[in-house]
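Asks: Below you will find the structure I want to go over with you.
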Amino acid sequence: GATIGILGGGQLGRMLCVAASRLGFRTHVYEPAGAPPAGQVANALTTAGYDDTAALDAFAASVDVITYEFENIPTEALDRLQALRPIRPGREALRVSQDRLTEKTFLTDLGLKTAPFADVTDQASLIAALATIGTPAILKTRRLGYDGKGQARIAAPDQAEAALAQMNGAPAILEGFVQFQYEVSVIAARGADGAVACFDPGENIHRMGTLRTTTVPARLSTRQATDAVLLAAQVLNALDYVGVMGVELFVTPQGLLVNEVAPRVHNSGHWTQNGCVIDQFEQHVRAVAGWPLGDGSRYADVQMENLIGDDMDRLPDLAREADTAIHLYGKSEVKAGRKMGHVNRIMRG
Ligand code: ATP
Ligand code: MG
Ligand code: MG
């Protein structure tokens, strides 16, 4: 059978390996850090940096197609791999999503709405941006941020200097703070044949910048749910995308604003593992392997809860809960803020 190469060995890579294995594929994970969660379930693991050209070449030679579980893969490594094997989703999706300024510009060029934003390179440009956007606002590093890292909230203009110091000199973007009613996300998929399929939008609750729970169905009107799905399809088509993408949205009285897009399977799509016949991981594998997309229609109401750090102390109780599926990532060390696993609760009546 074919072998799927996966860049990144975290929990997303691990769950992709499981899904790929169920469809009879072999998996080869490439990950710089030792003992990654995906390494326990992959058929092969390469532990090497993204600057190790020999390891990259050997990895590419051993697989039929390459995908990834995180968006911050160095460009040089991608160039090298792409010369040898197809990378799905393609480079354009990575280029757009690796940089928040490029991403927001791409989205607004498509006619989609985002929070007001401005490029910030120094104190003068931050002051100018605050003058137009106002407060409250959020300053974010343009690149490499996740789980709310690399962000500083600015409640009043006198906090500008402290916020800028937190960027450590990295290029940044200022965003107006959106007074959203809810946060939702659409997990969308596009096949190699151009077919698009979206899972039902999920409603997300964050704590300190990290996703806590996703609940389906989200509290959206039919009109809002349709808008969300159409908007996600527009993004996929514009990128000639192949694979699963997470599209994070703010719901406001003025309509849906796009927060960010993730060119990969997404934490807010984990509910699909127990709420759909085909989950986001299988859907991604299908797309990447050139299979037709599967039926992702939802057959249950589900709440996904992340198990972060000390949440693991509740494991004995969770294991006794009815209608609760436990998914653990095999991480040996519990750390504060570290995603250790999640549970999917089926909600009946
Ligand atoms: P992820 O782990 O989802 O990649 P991230 O580090 O890229 O997170 P964002 O998604 O930009 O960060 O922000 C994290 C959360 O902070 C959002 O889900 C939202 O709750 C809040 N947030 C971010 N930007 C804004 C904004 N402009 N207005 C209001 N809330 C915001
Ligand atoms: Mg992000
Ligand atoms: Mg986010």
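Asks: Taking only Cα atoms of the stretch 144-287, what ratio of Rg to Rh do you get with Rh as the Kirkwood inverse-distance radius?
Replies: Rg/Rh for the stretch 144-287 comes to 1.01.
Asks: Can you tell me which of GLY39, GLY169, GLY296 moves the most in a GNM of the chain? Springs connect C-alpha atoms under 10 Å apart.
Replies: Top of the fluctuation ranking is GLY169.
Asks: So how far apart, in nm, are the two label points at SER21 and PHE177 if each is 7 Å from Cα heading toward Cβ?
Replies: My value for the distance between the label points is 4.5 nm.
Asks: So, one more: Using DSSP to define loop residues, name the trypsin sites (Lys or Arg not before Pro) in the stretch 126-176 whose beta-carbon has at most 15 other beta-carbon atoms within 10 Å.
Replies: Answer by residue number: LYS149.
Asks: Follow-up question, since we're still on this one. Please list the three semi-axes, largest first and in whole Å, of the ellipsoid equivalent to the stretch 116-176, using sqrt of 5 times the eigenvalues of its alpha carbon gyration tensor.
Replies: One finds semi-axes of 16, 11, 11 Å for the stretch 116-176.
Asks: Please go through the stretch 248-349 and write out the GluC sites (Glu not before Pro) that DSSP classes as loop and that have at most 13 other C-beta atoms within 10 Å.
Replies: GLU321, GLU333
Asks: So how much slack lies between THR75 and THR210, counting 0.36 nm per residue of separation and subtracting their Cα-Cα distance, in nm?
Replies: Stretched out fully, the THR75 to THR210 stretch lengthens by 45.9 nm.
Asks: Considering only HIS266, HIS284, HIS327, give the residue with the highest GNM mean-square fluctuation for the chain, with springs between Cα atoms whenever their separation is below 10 Å.
Replies: Result for the chain, Cα springs under 10 Å: HIS327 fluctuates most.
Asks: Oh, and also: Put one equal scatterer on each alpha carbon of the chain, apply the Debye formula with no solvent term, and list log10 I(q)/I(0) at q = 0.12 1/Å to two decimals.
Replies: For the chain, the Cα-only Debye profile gives -0.89.
Asks: Here's another thing I want to ask about it. Under 8 Å for C-alpha pairs, at least 6 residues apart: give me the relative contact order for the stretch 116-176, rounded to a whole percent.
Replies: Contact order relative to length: 48 percent.
Asks: Between THR108 and ASP317, how high is the FRET efficiency from 1/(1 + (r/R0)^6) when r is the Cβ-Cβ distance and R₀ = 35 Å? Nearest 0.05.
Replies: My answer for the efficiency is 0.15.
Asks: Taking the chain as a Gaussian network, Cα atoms linked when under 10 Å apart, which of ARG286, ARG264, ARG212 shows the biggest mean-square fluctuation?
Replies: ARG212
Asks: If amide hydrogens are placed 1.01 Å from N in the peptide plane, which non-local residues have theirs closer than 5 Å to the one on ILE308?
Replies: MET340
Asks: Also, I was wondering about something else. On alpha carbon coordinates alone, what is the Rg over Rh value for the stretch 3-87, Rh being the Kirkwood radius?
Replies: Here the Rg-to-Rh quotient is 0.92.
Asks: Continuing with this model, one more query. Can you work out the FRET efficiency for the pair SER125 and LYS149, with r the C-beta to C-beta distance and R0 = 22 Å, to the nearest 0.05?
Replies: Taking R0 as 22 Å, the efficiency between SER125 and LYS149 is 0.50.
Asks: Working out 0.36 nm times the residue gap between LEU328 and GLN40, then minus their Cα-Cα distance, what length gain in nm do you get to one decimal?
Replies: Between LEU328 and GLN40, full extension yields an extra 102.5 nm.
Laboratory data are not the source of any read-out in this text; all were calculated from the coordinates shown. What you are looking at is a predicted structure, and each value in this text was computed from that prediction instead of being measured. Ideal geometry is used to build each Cβ from the backbone, glycine not excepted, and the neighbour counts take in all protein chains shown.
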